[in-house]
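None of the figures in this text is laboratory data; all of them are computed from the coordinates on show. Bear in mind that the values here come from a model prediction, so they are computed numbers and not experimental data.
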Amino acid sequence: MSSELLDNALDLMRRLPPAQIEENLAGLIDLVPDLTEDLLSAVDQPLKIAYDAHAKRDYLLCDYNRDGDSYRSPWSNKYDPPIEDGDGGATPSAGLRAIEVQANEIFDIYRDLYFEGGVSSVYCWDLDEGFAAVVLIKKTQDQSKKGQPMKGTWDSIHVVEVKETKKTGHYKLTSTVMLSIETETEATGSVNLSGSLTRQEEKDFPVNDVNPHTINIGRMVEDMESKLRMTLEQIYFGKTKEVVSTLRNQLGNSELEKRKLLSNQIGSALGGKS
């Protein structure tokens, strides 16, 4: 029964406006509190930013660095607020922590090159066979800035599972991008576009000193983000333009008839010369 209820809840989330995903999720949790953990882990939400006072750097919050009500920073490896009970919260093993530190440095450069701002975080955790990691990137554009009359947010969540063998690694990547764009001008009025896209990919790469896990994961994430960006551009802008053009022509019928007549005349003239 709980499985069927969860499926129905997730199906409902997919049909509700994506721009209000946090409000919709909160309302759904109020209706079925028994599914709180399942819904929080299954529904991707816009990433939130926190500040690490120890490392003096921003980091991103998600379900993968959460332990109870505390969140772990990838920079200092400490939880905020601190966890007093038990072992102080889940942390990666020493070897995996070294990979996590290197991955955060690499994706911090990647974020700066591709996004020219924003915040990135990478979290790793041990599995029975291999390990898993999540790469988070958030970029916000504020319309209050001069000359940029638009408010937009890009949230990307890349979860990769790694199974290691002697010389190769098998990587299973699940990527989700959430995009929200709002703009309001006298010429266009108020425009709001929002939605999300999820894709999955599996690949095998050699693992050695030249191609460590961080390089292999980085290559997959870079390729996947490029594909997702291209797809979103086609869906958000290309398809929107196509729908609007179907609903209303930019030119009047008389002008379209003139252009069609001119095109036919040119065609006939060229046909006569040949």
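Computed extension length for Q234-S268: 8.7 nm, one decimal, from 0.36 nm per residue of separation with the Cα-Cα distance subtracted. Pairs spanning more than 31 Å between alpha-carbon atoms, out of K78/K138; K78/K163; K167/K227; K227/K260; K163/K227: K227/K260. Computed extension length for V244-A26: 75.1 nm, one decimal, from 0.36 nm per residue of separation with the Cα-Cα distance subtracted.
Fully extending the segment from S190 to D112, taken as 0.36 nm per residue of separation minus the present Cα-Cα distance, adds 25.0 nm.
Tell me the relative contact order for the range 34-189 as a rounded percent, counting alpha carbon contacts under 8 Å between residues six or more apart.
Numbers: 253 pairs, mean separation 22.2, N = 156.
Reported as a whole number, the value is 14 percent.
Which number comes out as Rg/Rh for the chain once both Rg and the Kirkwood Rh are worked out on C-alpha atoms? Can you show the working numbers first?
On the way: Rg = 24.1 Å, Rh = 22.0 Å.
Result: Rg/Rh = 1.10.
By the helix-only formula, in which each DSSP H run with n ≥ 4 contributes -39500 (n - 2.57) and the sum is divided by residues, the chain has a 222 nm mean residue ellipticity of -12500 deg cm²/dmol. Its alpha carbons considered, the range 1-104 gives a radius of gyration followed by a Dmax of 16.4, 47 Å.
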